[in-house]
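Worksheet: the structure to be examined is printed underneath.
The values are calculated or read from the model by the stated rules, or taken from the named source; none is laboratory data. Computed from a predicted model, the values in this text were never measured in an experiment. Here the Cβ positions follow ideal geometry from the backbone for every residue, glycine too, while neighbour counts run over all protein chains shown.
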Amino acid sequence: MKIIGLTGGIGSGKTKILNVFKAKGVPCYEADLASKKLIDSDPFLISEIKKTLGSDIYLDAKLDRKKVADIVFNSPEKLKQLNALVHPAVAADFDEFLTHQKSHYVIKEAAILFETGGDKKCNATILVTSPMETRIARVMRRDNISREKVLERINNQWEDKLKIPLADFIINNTNWENTLIEIEAIHNHLMKM
């Protein structure tokens, strides 16, 4: 079974694209969703996050994501420490996910696949790109946050120009009809791998 990494900068549309693969029956693992679940349910992880970001970082047994964002997007060191806790937990969860799959390939979606070296554990990678202004507008609308907050998040991810040479497939997600054609071509190629 092949592992296909799917990534793209915030607001690129990777979740919408992932949903198309799901509709085709491809098992999909969403690293970002898994991390959110784990940081609210894994006792060891919760304890370590409190040690790193402060005991008041959880509100009613849920991570205060706004407070976390304010901390980590202004402190590269705190972001690095948080990632060092969360990424191994997500990797173990993904390995568990794989034991239950029986398909030609699975997709592992991760916002920072290349940044963390996660692409090295994939048989191929798909990068979703979109124009910067489109991405900013999507995230402002989706998360109801300011342009400045979106740019803070974008600045914590690699630029597309660094990811493009590393990707096996690139989906330029600007026109949805063209995007669907690109997804179909990639799916067909992966089924033949």
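Would you mind finding the one in 86, 90 that is under 22 Å from residue 17 (Cα atoms), crowded, with 18+ Cβ neighbours inside 10 Å and not assigned by TED's automatic domain parsing to the domain that holds residue 10?
One residue alone meets the criteria, 90.
Looking at the structure I just gave you, is residue 7 assigned to a helix (DSSP H, G or I) and in contact with a Lys or Arg (Cβ under 8 Å, 6 or more places away or on another chain)?
Answer is no for this residue.
Which of the following residues is touching a residue at least 24 places away in the same chain (Cβ under 8 Å), assigned by TED's automatic domain parsing to the domain that holds residue 18 and surrounded by 12 or more Cβ atoms within 10 Å (Cβ to Cβ): 112, 49?
None of the other options fit; the residue is 112.
Can you tell me how many residues within the stretch 150-182 are outside any loop (DSSP other than H, G, I, E, B) and either in contact (Cβ under 8 Å) with a residue 24 or more places away in the chain or of a type outside the set (Lys, Arg) (or both)?
Count: 22.
Do we have any residue at all in the stretch 56-63 that's in a loop (DSSP other than H, G, I, E, B) and not charged (D, E, K, R)?
Within the stretch 56-63, one or more residues are in a loop (DSSP other than H, G, I, E, B) and not charged (D, E, K, R).
For the structure I just gave you, tell me whether residue 125 is in contact with an Asp or Glu (Cβ under 9 Å, 6 or more places away or on another chain), surrounded by 12 or more Cβ atoms within 10 Å (Cβ to Cβ), under 16 Å from residue 14 (Cα atoms) and hydroxyl-bearing (Ser, Thr, Tyr).
Against the criterion (in contact with an Asp or Glu (Cβ under 9 Å, 6 or more places away or on another chain), surrounded by 12 or more Cβ atoms within 10 Å (Cβ to Cβ), under 16 Å from residue 14 (Cα atoms) and hydroxyl-bearing (Ser, Thr, Tyr)), residue 125 qualifies.
Is it the case that the stretch 84-95 has a residue that's touching a Lys or Arg at 6+ places or on another chain (Cβ under 7 Å), within 22 Å of residue 110 (Cβ to Cβ) and in contact (Cβ under 8 Å) with a residue 40 or more places away in the chain?
Yes: the stretch 84-95 contains one or more residues that are touching a Lys or Arg at 6+ places or on another chain (Cβ under 7 Å), within 22 Å of residue 110 (Cβ to Cβ) and in contact (Cβ under 8 Å) with a residue 40 or more places away in the chain.
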